[in-house]
Amino acid sequence: IRSIQCDDEQPISDDTLDRAVGSFFENQSYSAKMGRSALAYHLAFLYQKNKSWTIQKVLPLFNWDPNYKEATRSWVLYIWSNRWNEALLEQLLKQKEGSFINFKGLGKSRKIFCQQMAALAISVAVYRGETVLEKAWFQSFVGHCESDDFVFFAQGLSSVFHDLVKDEIRDTSKKIAYLNKSWAGFLKRYVNNRHLGEPIKIEPSECLALL
C-alpha cells in the first residue's frame, strides 16, 4: 500500500494497482490474507484513487457469504481506520444489504459502525431530503440492532446533528431553522416507525442519548 500512496489528487490506474497488490487476490497464503487486510484498512484511500477498481476488487472482501472470517476482519479494519466516507459506506451497504444478520461479528466495532450509520442517515435525511427510513439498508440495520446498538446509533445522531448546528453558527448561516425542522421531522418519523409492525422498544437510555 505504501508503494502506491501519493500526496497528489491524481487517480491511480488499474494496471498500477494490479501490479502492486494483485497478488493478494491469488491465493489463501498468510501473506495474501494480510495483504487483503491492508486493502480493507485503506479502503477509503483506494476508493478515492480508483473507484471502479476498488468496487470490483476490494468490496467483495466485505461480503460475508464466501468467507465469514475474512469479511468480519475486513469490516473491523475499515471501521477502525476511522476514514468514514458517505458514498463508500453506501456502496458497502449495496454490496450486501442483508449483511446486518452478521452484525454481532463486529464485536466492539459495532459502536463506531452505528455512529457511522447515524452520520449517513443524517446526511441522507437532512442534506438530500430523502426518506432514509424507507431505504432497505436502514430497515435491515434497525431490524438487527440490539438495545446497546440503538443507544450507540442515538448517540451518533445527536452528535452529528449538534456538530452540524455548531458549524452553521460559526459560518453565521441562516440554515439553523432548517436543520432544527429537519431534525425534528426525522426524529418524529424514526420514533413512529419503531412502533409500526412488531414494535421495537425505545429504552430511556436511548431517549437520553437523543437529547
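Given +1 on the Cβ of Lys and Arg, -1 on the Cβ of Asp and Glu, and no further charges, what dipole in debye does segment 52-158 carry about its Cα centre, rounded to the nearest 20?
360 debye
Scoring 38-47, 119-128 by mean Cβ neighbours within 10 Å over their residues and listing the highest first yields 38-47, 119-128.
Determine the share of the chain's accessible area contributed by carbon and sulfur atoms, expressed in whole percent, with a 1.4 angstrom probe.
51 percent
Rounded to the nearest 20, the Cβ-based charge dipole of the chain about its Cα centre (Lys and Arg +1, Asp and Glu -1) stands at 260 debye. Other residues whose C-beta falls under 10 angstrom from the C-beta of Ser123 contribute a net charge of -2, scoring Lys and Arg +1 and Asp and Glu -1. Looking at the square roots a ≥ b ≥ c of the eigenvalues of the Cα gyration tensor of segment 1-145, which shape do they give, rounded for a/c under 1.5, prolate if a/b is larger than b/c, or oblate? Oblate shape, in that a/c is at least 1.5 and b/c is the bigger or equal ratio. Judged by the gyration tensor of its Cα atoms, with axes a ≥ b ≥ c, segment 32-103 is rounded; a/c sits under the 1.5 cut.
Net charge near Met34: determine it from the other residues with C-beta under 13 Å of the C-beta of Met34, scoring Lys and Arg +1 and Asp and Glu -1.
Combined, the nearby Lys, Arg, Asp and Glu give +2.
Farthest toward the positive end of the dipole of the chain, out of Pro66, Gly105, Val126, is the Cα of Gly105, where the dipole comes from beta carbon charges about the Cα centre.
Quick one: net charge of Gln155's neighbours, Cβ under 11 Å, K/R +1, D/E -1? Cβ neighbours under 11 Å give a net charge of -2. Axis angle, to the nearest 10 degrees, between helix 110-122 and the longest C-alpha principal axis of the chain: 70 degrees.
The values are calculated or read from the model by the stated rules, or taken from the named source; none is laboratory data. As the structure is a computational prediction, the values presented were derived from the model and not from experiment. FYI the Cβ positions are ideal-geometry reconstructions off the backbone, even for glycines, and counts take in every protein chain you see. To get the accessible areas, we keep the full protein, side chains included, count just its heavy atoms, and leave off ligands, DNA and RNA. Shrake-Rupley method; radii C 1.70, N 1.55, O 1.52, S 1.80 Å.
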